[in-house]
Amino acid sequence: MPTVGPRERQKVALSHYAAIAPRIEREVPPGARMTLWRELAQEHGVTVRSLQRWQQRFLQDGLEGLMPAAHRSDQGTLRALPQEVLDAAVALRREQPERGSRSLILLLEARFPEYRGRIARPTLDRHLRRLGATRRQLGPGSRVLRRFRTPHRNALWIADFCLPPLLWCDGEQQRPVVILGILDHHTRRLMHFAAAPNRQASTVEDGLKTAIATFGLPTSLYTDNGAELVGSLVDGACAHLGIRHIRSSIGLPEGRGAIERLFRTFQGSFLPEMAAKAMVPTLPELNRYLAAWQHEFYEAQPHDGLTLDGKPRSPLQAWEADGTTLRPVDPVRLNAAFLLSVVRRVDKTSLVSLDGVRYLCPDVLVGAKVELRYHPAHPGDPLQVWDADRFVGLAFPYVAPEQVPHRPAAPPAPPATGPTFSALDILDAQRQQKLQATLAAALPGPVPSLPFTEAAAAALLERALGRSLQGQENRWLADTWRRCGGLEPAICDQALLGFIARHGTDQHLVHYLDQIQQAHIRARRSASS
């Protein structure tokens, strides 16, 4: 067994002295000594007891006391226990390779009572490892992995977080970047790739909503076992939308190899260009560059795993060549998938109470039992009101007029930065040109029929009343639009004509809006019955 040379021993001694030097070379008040020991222990990655033991040896023997001992002549043997105990431990492990070290110690102490309490687990593990008798060494061979590919797009999405060495500017603070990526396994196209302020379930919710609204529902979603990815919010949403939620096997990261390879490509191509810009971007700026990298670089580059007839295709080409029908989902159902649900009865003042907050419901629901759907992470937000599995409208928090809080001023904008030019600017310019070209190509030709929007509802009101809506009246219309979850032109027109025939056009605008809202509630309730 080779011995440790004097130079190596002196090097170890100097490193030990460097760890205790702040305690030896200066006077430390008694009340601050333990605090200093803890700071030094954390800095050097050792225990406080080790530092105190090194100090005692240095005070007794100087630098010589900090030098490690040379190798023993009996290095590699079990001094505290006879060979027969070690042989018995090896035999027990070979008998059952999955048997743990604590079980081995229990069996050895039963067979050799004189050594009860004298068999240390770290020592036993070290000798079993030297003799090739660990559970991994005696277990079955390494798991055989197989490459696989899903049959079509949206068959399997893989979601995971990437934590690159980047910072983003949050006012006067700089925060680490968290990126959520959702990858379609068949085409390798990114369903979602954006930076977020934190790594929470709400970040996954926002990413999934964006991806599903754009690309439709996937058949399966594959994630690791992080709490934000397998919690009740995401798991319940998958069950509500009919998505199979698959969790990665613990200790088998190879199952997420496709998205891990994507993250490696991202860090090798995006991070150097971001470093060349010599700036700390805000979150919107960073997401703009991420979108440019995604659409103009990653999805446009040929991918070796997407070869067709010997020619690699890009993820975008593979996606567009796949004719699998997308499964769109109604926005109301998509939002409701991430909500919790309770049943409440609307009292005689049209109010319902949830977690100490009162919400105002339409008057036609007085006395009815309704289902309230809400998001647990957003208390105080408007509630979705459902009646017999049909969306009725929104219930907003009720605040008495004298208790309306003052609207705070908008926070000041972060100071502008002066970025330098990099490849990301080229990708961003290409992205903006394509977006403008797409918009210009959509303008010529016959004007398509537009959906009934809030602006169209305002025009309908102005035609019926024979006058223009003023500033406050437009805000009242916007509130009615939100409470009803959008208006329908036929119902609006019918309600206005009937009310104008009875009362004329000189009433306050809120009366006409109330008739429109009540007509929508009645129509939706009758359709669900």
message = Against the definition (modelled with pLDDT of 80 or more and of a type in the set (D, E, K, R)), how does Arg463 come out, yes or no?
response = yes
message = So for segment 98-115 (the condition being charged (D, E, K, R) and in contact (Cβ under 8 Å) with a residue 40 or more places away in the chain), does at least one residue qualify?
response = yes
task = Among the residues of segment 318-334, count how many are open to solvent by less than 80 Å² (accessible area, probe 1.4 Å) and closer than 30 Å to Ala300 by Cβ.
result = 9
key: Identity of the residue in segment 462-511, farther than 30 Å from Ala336 by Cβ and in contact (Cβ under 8 Å) with a residue 40 or more places away in the chain, that ends up most open to solvent (accessible area, probe 1.4 Å)   = Thr505
note = Reported set for segment 297-312 where residues are open to solvent by less than 50 Å² (accessible area, probe 1.4 Å) and small (Gly, Ala, Ser) is Gly305
task = Tell me, please, whether a residue that is at pLDDT 85 or above, open to solvent by less than 100 Å² (accessible area, probe 1.4 Å) and farther than 30 Å from Leu241 by Cα can be found in segment 156-166.
result = yes
query = Do any residues in segment 280-292 that are of a type in the set (A, V, I, L, M, F, W, C) have Cβ atoms under 8 Å from those of residues that are open to solvent by 30 Å² or more (accessible area, probe 1.4 Å) and part of a helix (DSSP H, G or I), where the two are at least six apart or on different chains, and which pairs are they?
reply = Ala291/Arg431; Ala292/Gln430; Ala292/Arg431
ask   = Do we find that Leu283 is in contact with a strand residue (DSSP E or B) (Cβ under 7 Å, 6 or more places away or on another chain), under 18 Å from Pro165 (Cα atoms), buried (at least 18 other Cβ atoms within 10 Å of the Cβ) and not aromatic (Phe, Trp, Tyr) in this structure?
value = no
task = Might you let me know whether segment 33-42 holds any residue that is at pLDDT below 80, surrounded by 11 or more Cβ atoms within 10 Å (Cβ to Cβ) and not aromatic (Phe, Trp, Tyr)?
result = no
request  = For segment 229-251, enumerate the residues that are under 15 Å from the mean Cα position of the chain (by Cα) and farther than 16 Å from Trp157 by Cβ.
outcome  = Gly231, Ser232, Leu233
request  = Would you be able to tell me the number of residues in segment 495-509 that are among the aliphatic types (A, V, I, L, M) and touching a helix residue (DSSP H, G or I) at 6+ places or on another chain (Cβ under 6 Å)?
outcome  = 3
query = Among the residues of segment 282-312, which ones are of a type in the set (Asp, Glu) and on the phi > 0 side of the Ramachandran plot?
reply = Asp309
query = Quick one: how many residues across segment 335-381 are in contact with a helix residue (DSSP H, G or I) (Cβ under 8 Å, 6 or more places away or on another chain), surrounded by 18 or more Cβ atoms within 10 Å (Cβ to Cβ) and of a type in the set (D, E, K, R)?
reply = 1
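In this structure, is Pro315 surrounded by fewer than 20 Cβ atoms within 10 Å (Cβ to Cβ) and either at negative phi or out of contact with any Phe, Trp or Tyr (no Cβ under 9 Å at 6 or more places or on another chain) (or both)? Quick ask: steps written out before the conclusion?
Working: surrounded by fewer than 20 Cβ atoms within 10 Å (Cβ to Cβ): no; either at negative phi or out of contact with any Phe, Trp or Tyr (no Cβ under 9 Å at 6 or more places or on another chain) (or both): yes.
Against the criterion (surrounded by fewer than 20 Cβ atoms within 10 Å (Cβ to Cβ) and either at negative phi or out of contact with any Phe, Trp or Tyr (no Cβ under 9 Å at 6 or more places or on another chain) (or both)), Pro315 does not qualify.
Which residue is nearest to Ala523 (Cα to Cα), if the candidates are limited to segment 382-402 and must be open to solvent by 60 Å² or more (accessible area, probe 1.4 Å) and in contact (Cβ under 8 Å) with a residue 24 or more places away in the chain?
Initially, segment 382-402 is screened for residues open to solvent by 60 Å² or more (accessible area, probe 1.4 Å), giving 388-390, 398-399, 401-402.
Right, trim to in contact (Cβ under 8 Å) with a residue 24 or more places away in the chain and you get 388-390, 398.
Numbers: Ala388: 13, Asp389: 14, Arg390: 11, Tyr398: 25 Å.
Ranking the candidates gives Arg390 first.
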inquiry  = Of the residues Thr214, Thr265, Thr223, Thr187, only one is among the polar types (S, T, N, Q), at pLDDT 85 or above, touching a strand residue (DSSP E or B) at 6+ places or on another chain (Cβ under 9 Å) and surrounded by fewer than 20 Cβ atoms within 10 Å (Cβ to Cβ); which?
reply    = Thr214
inquiry  = Residue pairs, Cβ under 7 Å, 6 or more apart or interchain, first in segment 41-58 and closer than 13 Å to Ala13 by Cα and touching a residue at least 60 places away in the same chain (Cβ under 8 Å), second aliphatic (A, V, I, L, M) and not in a loop (DSSP other than H, G, I, E, B). List them.
reply    = none
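The values are calculated or read from the model by the stated rules, or taken from the named source; none is laboratory data. Everything quoted here is computed from the prediction, not taken from an experiment. Cβ: placed from backbone, ideal geometry, glycine included. Neighbour counts: every protein chain shown. Note: areas computed on protein heavy atoms with side chains; ligands, DNA, RNA excluded. Shrake-Rupley method; radii C 1.70, N 1.55, O 1.52, S 1.80 Å.
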